[in-house]
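One structure is given below, encoded as structure tokens.
The values are calculated or read from the model by the stated rules, or taken from the named source; none is laboratory data. Quantities reported herein were computed from a predicted structural model and do not represent experimental measurements. Quick reminder, even Gly has a Cβ in these numbers, built from the backbone with ideal geometry, and neighbours come from all protein chains shown. What goes into the accessible areas is simple: the full protein's heavy atoms, side chains included, and nothing from ligands, DNA or RNA. Shrake-Rupley method; radii C 1.70, N 1.55, O 1.52, S 1.80 Å.
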Amino acid sequence: MTSTESRRDRLRPRRSCLAVPGSNPRFLEKAQGLPADQVFLDLEDACAPLAKEGARHTIVDALNKGDWTGKTRVVRVNDWTTHWTYRDVITVVEGAGHNLDCVMLPKVQDAQQVVTLDLLLTQIEKTMGFEVGRIGIEAQIENAKGLVNVDEIAASSPRLETIVFGPADFMASINMKTLVVGQQPPGYGADAYHYILMRILMAARTHDLQAIDGPFLQIRDVDAFREVAGRAAALGFDGKWVLHPGQIDAANEIFSPSQEDYDHAELILDAYDYATSEAGGKKGSAMLGDEMIDEASRKMALVVSGKGRAAGLRRTSVFEAPEA
């Protein structure tokens with residue numbers, strides 16, 4: 001299996017990625033019953049330095065004893081510039097590797113940092129008798145150097161599943177003039193995040209990875225969250241971090257196709273399949289109502305239909321072959 005094929009196998013729903021402090025047993029328990037696609041148990045910013053060691057064991061216990069059915073299970077470790085990272089990885093993966101899907105590495109600045117995590121995971125898997133390579137990696141881009149190197153980062157490991165934008169640290173690293181994470185800075189009339197998001201998206205798509213937008217910290221302003229999430233979804237991002245249960249439903253909705261778009265995509269696939277068949281005349285293009293469809297239409301429809309199926313949508317329309 002090639003690295004590209006293995007990465008495609010790793011694509012999973014990540015419309016809503018819920019952050020949960022690893023040091024808070026009550027939050028860890030509550031998260032299991034929330035409808036987030038992914039839950040990441042945090043050892044980094046959500047844990048005070050004095051709580052990190054104990055949080056490792058709390059996370060292991062939660063992963064092994066909790067019911068995370070239907071969720072992608074991720075742990076965010078501390079970044080490599082700290083002295084906590086290696087012990088975060090060893091304790092969590094040795095203790096709960098069978099119940100862990102990915103390790104998230106924050107503040108990634110170059111490809112070697114991902115390679116190093118890959119090597120450490122491989123050694124643990126071999127030592128513990130786990131399947132080698134099963135645990136994925138999520139790389140978080142949080143400063144200018146990481147963005148400049150994002151192409152090399154995206155190509156660094158077959159374990160890599162997502163590239164994640166970390167807006168707060170990133171805004172600080174470039175001296176952006178605002179204190180509200182995700183908000184457009186005053187004095188700039190265009191979208192200050194457009195280049196950053198597109199840069200991450202292009203690197204991710206080049207290597208068949210998912211692209212995830214970071215958090216919006218005004219957790220009670222769901223309308224503002226919808227606006228920021230809608231920007232990322234419109235560009236093609238696969239999901240967004242959520243920091244509060246009130247943001248989950250909005251994220252799941254925004255990063256799923258509408259019922260109308262999903263039905264239309266399925267009709268395009270059926271119509272094109274029929275048109276290119278013997279019965280349909282082996283044509284390279286066809287009409288679906290007033291719309292001409294071809295191979296490019298099929299590729300676009302596959303994206304929408306795939307997201308709709310992953311979101312659990314069901315068709316409400318049926319394709320009918322045109323009369324001869």
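Run down Ile163, Ile174, Ile196 and say which single residue is surrounded by 16 or more Cβ atoms within 10 Å (Cβ to Cβ), β-branched (Val, Ile, Thr) and either over 24 Å from Asp42 (Cβ atoms) or in contact with a helix residue (DSSP H, G or I) (Cβ under 6 Å, 6 or more places away or on another chain) (or both).
Values: Ile174 fails: surrounded by 16 or more Cβ atoms within 10 Å (Cβ to Cβ); Ile196 fails: either over 24 Å from Asp42 (Cβ atoms) or in contact with a helix residue (DSSP H, G or I) (Cβ under 6 Å, 6 or more places away or on another chain) (or both).
None of the others qualify; the one that does is Ile163.
From the list Ala279, Ala321, Ala296, which residue is surrounded by fewer than 15 Cβ atoms within 10 Å (Cβ to Cβ), free of Cβ contacts under 8 Å to residues at least 40 places away in the same chain and among the aliphatic types (A, V, I, L, M)? Outline the logic, then answer.
Working: Ala279 fails: free of Cβ contacts under 8 Å to residues at least 40 places away in the same chain; Ala321 fails: free of Cβ contacts under 8 Å to residues at least 40 places away in the same chain.
Checking each option against the conditions leaves just Ala296.
Looking only at residues in region 31-52 that are touching a residue at least 24 places away in the same chain (Cβ under 8 Å) and assigned to a helix (DSSP H, G or I), which one is nearest to Lys240 (Cα to Cα)?
Lys52
From (1) touching a residue at least 40 places away in the same chain (Cβ under 8 Å); (2) open to solvent by 40 Å² or more (accessible area, probe 1.4 Å), pick out the condition that doesn't hold for Val74.
Failing condition for Val74: (2).
What's the total number of residues in region 178-193 that are within 17 Å of Leu217 (Cβ to Cβ) and either buried (at least 23 other Cβ atoms within 10 Å of the Cβ) or of a type outside the set (Gly, Ala, Ser) (or both)? Quick ask: steps written out before the conclusion?
Of region 178-193, the ones within 17 Å of Leu217 (Cβ to Cβ) are 178-185, 192-193.
Those still in the list that are either buried (at least 23 other Cβ atoms within 10 Å of the Cβ) or of a type outside the set (Gly, Ala, Ser) (or both) too: 178-185, 193.
Matching residues across region 178-193 total 9.
Give me the pairs, please: first residue somewhere in region 237-249 and open to solvent by less than 10 Å² (accessible area, probe 1.4 Å), second residue anywhere and aromatic (Phe, Trp, Tyr) and in a loop (DSSP other than H, G, I, E, B), beta-carbon distance under 6 Å, and either six or more positions apart or on two chains.
As it stands, the answer is Gly239/Phe255, since those pairs meet every condition given.
Got a number for residues in region 97-136 being open to solvent by less than 10 Å² (accessible area, probe 1.4 Å) and closer than 16 Å to Asp213 by Cα?
4
Filter region 199-231 down to residues that are farther than 17 Å from Val180 by Cα, among the aliphatic types (A, V, I, L, M) and out of contact with any helix residue (DSSP H, G or I) (no Cβ under 7 Å at 6 or more places or on another chain) and give me whichever is surrounded by the fewest Cβ atoms within 10 Å (Cβ to Cβ). Step through it out loud before you land on a result.
To start, the set of residues in region 199-231 that are farther than 17 Å from Val180 by Cα comprises 199-212, 230.
Applying the additional criterion that residues be among the aliphatic types (A, V, I, L, M) yields 200-204, 209, 211-212.
The next check asks that each one be out of contact with any helix residue (DSSP H, G or I) (no Cβ under 7 Å at 6 or more places or on another chain); those that pass are 202, 212.
Details: Met202: 14, Ile212: 27.
Checking each candidate, the answer is Met202.
Which pairs do you get when a residue that is more than 18 Å from Val60 (Cα to Cα), found in region 11-24, comes within reach of a residue that is open to solvent by less than 40 Å² (accessible area, probe 1.4 Å) and among the small types (Gly, Ala, Ser), reach meaning Cβ atoms under 6 angstrom, with the pair 6+ apart or on two chains?
Arg14/Gly239; Arg15/Gly239; Arg15/Ala251; Ser16/Ala36; Ser16/Ala251; Cys17/Gly239
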